[in-house]
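This is the structure, below, for whatever I ask next.
The values are calculated or read from the model by the stated rules, or taken from the named source; none is laboratory data. Keep in mind the model is a prediction, meaning the values are calculated, not measured. We place every Cβ from the backbone using ideal geometry, glycine too, and count neighbours over all the protein chains shown.
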Amino acid sequence: MKKILLASAFALAATSALAQSATESTGVNSALGVAPKTEDFILQASASDVFEIESSKLALQKGDETIKAFAQKMITDHEKTTVELKALLTGGKVQGNAVTALIEDHKEEVDELGKLNGAEFNEEYIDDQVEAHEDAVDLFKRYATEGENADLKAWAAKTLPALEHHYKMAQDLDK
């Protein structure tokens, strides 16, 4: 029974909305410290940016002043990385497609966040930010270390310190 469930999980993961490799979408690569394929990296990095921007736009409306300040930084910084990634893709040095809208999982998270107000909103927004940045730091670290495309690898390494700073900021707000 466990084998059937595991096989089903891998099959579902392989047909995800992002069409990521099964080892990346299930977290196997992360657990093993294996770099994502270039296509997986582009999809995850761009989807993360979209989520950071959209959830932070909501935080500008619903958060307290501390949350709004953090959210504005997230919007500014992630819009910048979105532009940089798109430039790499359109410049021909990197082959792949970026995500430009919320993926289904992120859409559900933003929709749930939109239903909250006050302290509940602040707490959930920060929890989401901690998790998203933890995932982003892991993704960028793995690609910067062993990615396939030299230009994208350099960009991941250049972007990583800002993501690590975001992660630390979100953790500090979570205390």
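With the checklist (1) of a type outside the set (Lys, Arg); (2) at pLDDT 95 or above; (3) over 19 Å from TYR167 (Cα atoms) in hand, flag the one item VAL28 doesn't pass.
Here VAL28 meets the rest and fails (2).
Now for a different question. Listed residues LYS80, LYS107, LYS57; which is surrounded by fewer than 14 Cβ atoms within 10 Å (Cβ to Cβ), part of a helix (DSSP H, G or I) and either modelled with pLDDT of 95 or more or among the acidic types (Asp, Glu) (or both)?
Sole residue among the options that is surrounded by fewer than 14 Cβ atoms within 10 Å (Cβ to Cβ), part of a helix (DSSP H, G or I) and either modelled with pLDDT of 95 or more or among the acidic types (Asp, Glu) (or both): LYS80.
Another question, if that's okay. Starting from region 147-159, keep only residues that are among the hydroxyl-bearing types (Ser, Thr, Tyr), then list their pairs with residues that are in a helix (DSSP H, G or I) and buried (at least 18 other Cβ atoms within 10 Å of the Cβ) whose Cβ atoms are within a distance under 7 Å, requiring at least 6 positions of separation or different chains.
These pairs meet every condition: THR159/THR81; THR159/PHE140.
Against the conditions (1) among the small types (Gly, Ala, Ser); (2) outside any helix (DSSP H, G or I); (3) over 13 Å from the mean Cα position of the chain (by Cα); (4) under 14 Å from GLU52 (Cα atoms), where does GLY92 fall short? Just the number, please.
All conditions are met except number (4).
Being among the hydrophobic types (A, V, I, L, M, F, W, C), buried (at least 18 other Cβ atoms within 10 Å of the Cβ) and outside any helix (DSSP H, G or I): is that true of VAL50 here?
no
Would you check which residues across region 95-104 are part of a loop (DSSP other than H, G, I, E, B) and loosely packed, with under 14 Cβ neighbours inside 10 Å and list them?
Taking region 95-104 as the starting set, the residues that turn out to be part of a loop (DSSP other than H, G, I, E, B) are 95-103.
Scanning region 95-104 gives GLN95, ASN97, THR100, ALA101.
Would you be able to say whether some residue in region 70-93 is among the β-branched types (Val, Ile, Thr), closer than 19 Å to GLU123 by Cβ and out of contact with any strand residue (DSSP E or B) (no Cβ under 8 Å at 6 or more places or on another chain)?
No.
With the requirement that a residue be among the acidic types (Asp, Glu) and without any contact (Cβ under 8 Å) to a residue 12 or more places away in the chain, what does region 111-144 give you?
Hits for region 111-144 are ASP111, GLU120, GLU123, GLU131.
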